[in-house]
Amino acid sequence: MGGFFGIVSQADCVSDLFYGTDYHSHLGTQRGGLAVYHGTGFTRFIHDIRNAQFRSKFEQDILKMKGRMGIGVISDQEDQPLLISSHLGNYALVTVGRISNTAELVKKVFGMRMAHFSEMGSGEINPTELTAIFINQGQSFGEGIAIAQQGIQGSCSLLLLTDQGVYAARDRLGRTPVILGCKANSYAVTLESCAFPNLGYEYVRDLGPGEIVRLTPEGIEQMALPGHRCQICAFLWVYYGYPASTYEGQNVEDVRNRCGAALAKNDATPVDVVAGIPDSGTGHAIGYATAKGLPYRRPFVKYTPTWPRSFMPQDQSTRDLVAQMKLIPIKELIQGQRLLFCEDSIVRGTQLKDTVQRLYDCGAKEIHMRPACPPLVHGCKFLNFSRSRSELDLAARRAIKELEGNADHALEEYANPDTARHAAMVERIRQRLGLTSLKYQRLDDLVAAIGLPKEKLCTYCWNGKE
């Protein structure tokens, strides 16, 4: 999905920019980039971070950078920040999100017969470059950003660096968070609020959906008012968000503890030990164990120094290898035990099936799985949270196809936890994974755990409703 960090300061900002961007490493997959403005122009560096940490790739570059304003990004496959020259002036741009109507927008661009695309390093049109073309249609940066936001379907939050400051815009329906912070003589903007505390920034506020602001060393200027409808991605709290981050007033770790407690409330399964699939399942498992008064243990430990998150590689076999290598079983805590695991979600289920078998190989007596969210019935079309090419990659849709012969049949009924079809789908997934029992979180319990009104949350991947 990616994340970004921007800063304006009355002193050199490079150190804060470097570390603030690095705090988004858990969100990125392939590319990292930094750009600063230093009075006479821009300095920019972009690196491939698939096989190395962000810090290791940029620690020499920042010695060559200086400036009081800058933006940084960790993103999917596209190179960022882009440096753009336009009638509005020169600027650097980063974006986070997913443009779902790319073909339509590209057709419109080619219809102008005055634009082209040059950032084709991945073989596809760079969504940040596409966004820039629409920004350039405005008479000002604020107007141009608003034009881009209105035309883009899916989501697009962005940071835009000029010689006058940093523009920050949250996507039109607020699917991703954008958060403002400040300290003496500096203002910052981030996707993950966990970037603020160790750099000395205090939380100011969240941008509203579609809101545009400009940060200067003197303060924060509102350029466009927020819209009234918010659809922030609920999966941020379930999986993607970092535990120390807070969005819309709701801390990620706190929500995960509440999710675990909700799973416990609806469960009477006798077990010996509660555990979490590292790392994102940990908070859910702590909540479950605390609510039940059961011991929390770590029968798997995660080796983090060199192995990245397993969703990063494009190739499934490589993802499976990463997933296996990073989780080390502790046989002494597994043998003869009835284990209940909390997991953030079951997407494809391929890695989880291997994990379950490894637990049995270590002598587990029973293995019960409690995902912290409902079955993923629909692929996300608003954010790049999954690299799946087809909805048939989803464990739930694969089960539906096996049961119905048609993966698109009766989806609303399968998403309803009170139906026989839902129970049959869950049972089919349980059998495939080799679990003793499988019980998913209910959507109403997940919404209650997040603590925001349901109408403010995007729950499309679970119920198909926009």
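Every number in this text was worked out from the coordinates using simple rules, so none of it is lab data. Note that the coordinates shown come from a computational prediction; the quantities given were computed from them, not determined experimentally. When we count neighbours, we look across all protein chains shown, and the Cβ atoms used for this are built from the backbone with ideal geometry, even at glycine.
Taking every DSSP beta bridge with both residues inside the stretch 236-463, roughly what % is antiparallel (nearest 5)? Taking every DSSP beta bridge within the stretch 236-463, about 30 percent pair in antiparallel fashion. Can you compute log10 of I(q)/I(0) for the chain with the Debye formula, treating each Cα as one identical point scatterer, at q = 0.11 Å⁻¹? Debye output, listed in q order: -0.89.
Express the C-alpha Rg of the stretch 209-292 as a ratio against the empirical globular expectation 2.2 N^0.38 Å, rounded to two decimals.
On the way: Rg = 18.1 Å, N = 84, 2.2 N^0.38 = 11.8 Å.
The stretch 209-292 yields a ratio of 1.53.
Relative contact order for the chain: what is it in percent, counting Cα pairs under 8 Å that are at least 6 residues apart? Don't jump to the answer; show the numbers that get you there.
Numbers: 1073 pairs, mean separation 56.8, N = 466.
Over the chain, the number comes to 12 percent.
Relative contact order for the stretch 327-414 using alpha-carbon pairs under 8 Å, separation at least 6, rounded to a whole percent?
Values: 102 pairs, mean separation 24.4, N = 88.
About 28 percent, as a whole number.
Taking Cα centre as origin and charging only the Cβ of basic (Lys, Arg, +1) and acidic (Asp, Glu, -1) residues, the dipole magnitude of the stretch 213-262 rounds to 200 debye. Our summary gives the stretch 236-463 a relative contact order of 20 percent, counting only alpha carbon pairs under 8 angstrom and 6 or more residues apart. When you filter the GluC sites (Glu not before Pro) in the stretch 173-218 for DSSP loop state and at most 16 other Cβ atoms inside 10 Å of their Cβ, you are left with Glu218.
Dipole orientation for the stretch 118-184: of the candidates Thr176, Ile135, Ser118, Thr176 has the Cα lying most toward the positive pole (charges on Cβ; Lys, Arg +1; Asp, Glu -1). The angle between the Cα long axis of helix 350-361 and the main principal axis of the chain comes to about 40°, on a 0 to 90 degree scale.
For the pair Leu225 and Arg55, the difference between a 0.36 nm per residue extended length and the Cα-Cα distance amounts to 57.6 nm. Applying 1/(1 + (r/R0)^6) with r as the Cβ-Cβ distance of Ser100 and Ala448 and R0 = 30 angstrom yields a FRET efficiency of 0.55. Note on Met112 and Tyr19: with the Förster distance fixed at 35 Å, the Cβ-Cβ geometry gives a FRET efficiency of about 0.30.
Projecting the Cα atoms of Thr95, Ser75, Ser15 onto the charge dipole of the stretch 15-162, computed from C-beta unit charges around the Cα centre, puts Ser15 farthest toward the positive end. Could you tell me how many degrees, from 0 to 90 and to the nearest 10, lie between the Cα long axis of helix 252-265 and the main elongation axis, the longest principal axis, of the Cα atoms of the chain? Its long axis makes an angle of about 20 degrees. Each Lys and Arg Cβ is given +1 and each Asp and Glu Cβ -1; about its Cα centre, the stretch 236-463 then shows a dipole of about 440 debye. Each of Met112, Met223, Met65, Met325 was scored by other Cβ atoms within 10 Å of its Cβ. Listed from fewest to most, they are Met112, Met325, Met223, Met65.
Along the Cα→Cβ direction, 7 angstrom out, place labels at Ala268 and Lys401. What is the inter-label distance in nm? A separation of 3.8 nm, rounded to one decimal place. The stretch between Glu413 and Glu143, if pulled fully straight at 0.36 nm per residue, gains 92.8 nm over its current Cα-Cα span.
Relative to the present Cα-Cα distance, how much length would full extension add between Ser86 and Gln10 at 0.36 nm per residue of separation? Write down the numbers at each step before the final one.
Numbers: separation 76, 0.36 × 76 = 27.36 nm, distance 2.67 nm.
Separation in residues times 0.36 nm, less the Cα-Cα distance, equals 24.7 nm.
Other residues lying with their Cβ under 14 Å from the Cβ of Gln150 contribute a combined charge of 0, Lys and Arg counting +1, Asp and Glu -1. Taken about its Cα centre, the chain carries a charge dipole of roughly 800 debye when the Cβ of each Lys and Arg holds +1 and the Cβ of each Asp and Glu holds -1.
Given N residues in the stretch 236-463, what is its alpha carbon radius of gyration divided by 2.2 N^0.38 Å?
Rounded to two decimals, the normalised Rg is 0.96.
Only helices enter the 222 nm calculation for the chain: every DSSP H run of n ≥ 4 contributes -39,500 (n - 2.57), and dividing by all residues gives -8500 deg cm²/dmol, rounded to 500. With unit charges on the beta carbon (Lys/Arg positive, Asp/Glu negative), name the residue among Gly363, Leu339, Tyr242 whose Cα is farthest towards the positive pole of the charge dipole of the stretch 236-463. Value computed over the given set: Gly363. Across all Cα pairs in the stretch 3-229, the calculated P(r) in 10 Å bins from zero up to the longest distance comes to 9, 37, 39, 14, 1 percent per bin. Inter-label distance, Glu455 to Glu332: 5.6 nm, where each label sits 7 Å from its Cα along the C-beta direction.
Angle, helix 395-404 long axis vs. longest principal axis of the chain, Cα atoms, 0 to 90°, nearest 10? That helix lies at roughly 60 degrees to the long axis.
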